[in-house]
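Remarks on the structure that follows.
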Amino acid sequence: MSLSNTLARADADLAAGRVPLARQRLRGLVSSFPCEPAPRRRLAGVYRLYGDPAEAGRWTYLEEDRDAAETAAFEARYGAAARRMKALAWRGPEALAATSFARDRLAEVREACSAEVGRPVGWDEPVPVDGEHPEPEDGGVSVSGVLAGTGCLLCVLATVYIWILGVISLFE
């Protein structure tokens, strides 16, 4: 579905009082169209309805006419630059931003994050945030992956065992 159609549906959801559905649609739009300012602005409006200034500030962070109190609430909730970088849900280079103000804010956050982690970072790479561990590189093995694989294998073996017992009992 196109950006304009989904925005219209989110507006209709809001008009009908279906605020959670509108929020879900708008979050999907921000994810699908991270460089578009319209879904971000509307999502900020939804969070204002919820009375959540930090989230409203999160989604207007790239706007020149943003509310200072909402911006401060966002920066307080997402204190580390790496957390702000992840929260902004931006993908691609800053040059894709609609305004020079947005490009400058994105560059500030990315540079602050680079200083925090001690190496240059980009918007399309995972950055560890407050004790999180980045995903293993392709071909890497993680403990959770091994445990999940072992659990799946045990379930398959149990199913095959029960199936074999059922077949054997048919012929007895």
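Please indicate, with yes or no, whether at least one residue in segment 94-111 is closer than 24 Å to Val19 by Cα and free of Cβ contacts under 8 Å to residues at least 40 places away in the same chain. Checked segment 94-111: no residue is closer than 24 Å to Val19 by Cα and free of Cβ contacts under 8 Å to residues at least 40 places away in the same chain. All conditions in (1) at pLDDT 95 or above; (2) aromatic (Phe, Trp, Tyr); (3) in contact with a Pro (Cβ under 8 Å, 6 or more places away or on another chain) hold for Trp59, with the sole exception of (3).
Selection within segment 13-30: residues that are assigned to a helix (DSSP H, G or I) and basic (Lys, Arg). The member of this set that is farthest from Ser2 (Cα to Cα) is Arg23.
Filtered by the rule that a residue be in a helix (DSSP H, G or I) and out of contact with any Phe, Trp or Tyr (no Cβ under 8 Å at 6 or more places or on another chain), segment 31-43 gives Ser31, Ser32, Pro37, Ala38, Arg42. Residues that are modelled with pLDDT under 75, surrounded by 10 or more Cβ atoms within 10 Å (Cβ to Cβ) and not β-branched (Val, Ile, Thr) do not occur anywhere in segment 147-159. On inspection, Val127 does not qualify as closer than 26 Å to Leu62 by Cβ, of a type in the set (Val, Ile, Thr) and at pLDDT 90 or above. Among the residues of segment 43-51, is any closer than 20 Å to Glu125 by Cβ and buried (at least 22 other Cβ atoms within 10 Å of the Cβ)? No, that holds for no residue. Pairing residues of segment 1-21 that are free of Cβ contacts under 8 Å to residues at least 60 places away in the same chain and of a type in the set (D, E, K, R) with residues that are surrounded by fewer than 13 Cβ atoms within 10 Å (Cβ to Cβ) and not in a helix (DSSP H, G or I), at Cβ distances under 9 Å and at least 6 apart in sequence or on separate chains, gives Arg9/Met1.
Yes/no per residue for (1) over 15 Å from the mean Cα position of the chain (by Cα); (2) basic (Lys, Arg); (3) over 20 Å from Arg58 (Cβ atoms); (4) open to solvent by 50 Å² or more (accessible area, probe 1.4 Å):
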{"residue": "Leu14", "(1), (2), (3), (4)": "yes, no, no, yes"}
{"residue": "Val19", "(1), (2), (3), (4)": "yes, no, no, no"}
{"residue": "Ala22", "(1), (2), (3), (4)": "yes, no, no, no"}
{"residue": "Ser32", "(1), (2), (3), (4)": "no, no, no, yes"}
{"residue": "Pro37", "(1), (2), (3), (4)": "yes, no, no, no"}
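The values are calculated or read from the model by the stated rules, or taken from the named source; none is laboratory data. Here the structure is a predicted model, which means the values were calculated and not measured. Cβ: placed from backbone, ideal geometry, glycine included. Neighbour counts: every protein chain shown. Each accessible area value is taken on the protein alone, full model and side chains, heavy atoms only, with ligands, DNA and RNA left out. Shrake-Rupley method; radii C 1.70, N 1.55, O 1.52, S 1.80 Å.
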